[in-house]
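Heads up, the thing below is written out as structure tokens.
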Amino acid sequence: MAASGSCQHDFKLLKSDTTLILWNCHMCHSGPHWYIYECSKCKLKTCQPCTYKA
Ligand SMILES: [Zn+2]
Ligand SMILES: [Zn+2]
């Protein structure tokens, strides 16, 4: 698992099918969100605004 600082992030949108699975943003700690962007390389999960900052 690469450190987020050295990763060329490749974000994929994850959407929850259930209210039982919600995510918090790893960058700004906002949430819980019913959808999240996850980097397929380092598994960093971020909200939409943070995908541009990451
Ligand atoms: Zn990454
Ligand atoms: Zn965020």
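Only the coordinates and a few stated rules stand behind these numbers; no lab work does. Every value quoted in this text rests on a predicted model; they were computed, and no experiment measured them. Cβ placement follows ideal geometry from the backbone for every residue including glycine, while neighbour counts extend to all protein chains displayed.
Considering every residue within the stretch 13-30, establish whether at least one is assigned to a strand (DSSP E or B), among the basic types (K, R) and within 16 Å of ligand 2 (Cβ to nearest atom). So far as the stretch 13-30 goes, no, none of its residues is assigned to a strand (DSSP E or B), among the basic types (K, R) and within 16 Å of ligand 2 (Cβ to nearest atom). Can you say whether C47 is of a type in the set (A, V, I, L, M, F, W, C) and out of contact with any Pro (no Cβ under 9 Å at 6 or more places or on another chain), as far as the supplied structure shows? Yes; evaluated as a whole, the condition is true for this residue.
Among the residues in the stretch 2-13, are any within 16 Å of ligand 1 (Cβ to nearest atom) and among the acidic types (D, E)? Checked the stretch 2-13: at least one residue is within 16 Å of ligand 1 (Cβ to nearest atom) and among the acidic types (D, E).
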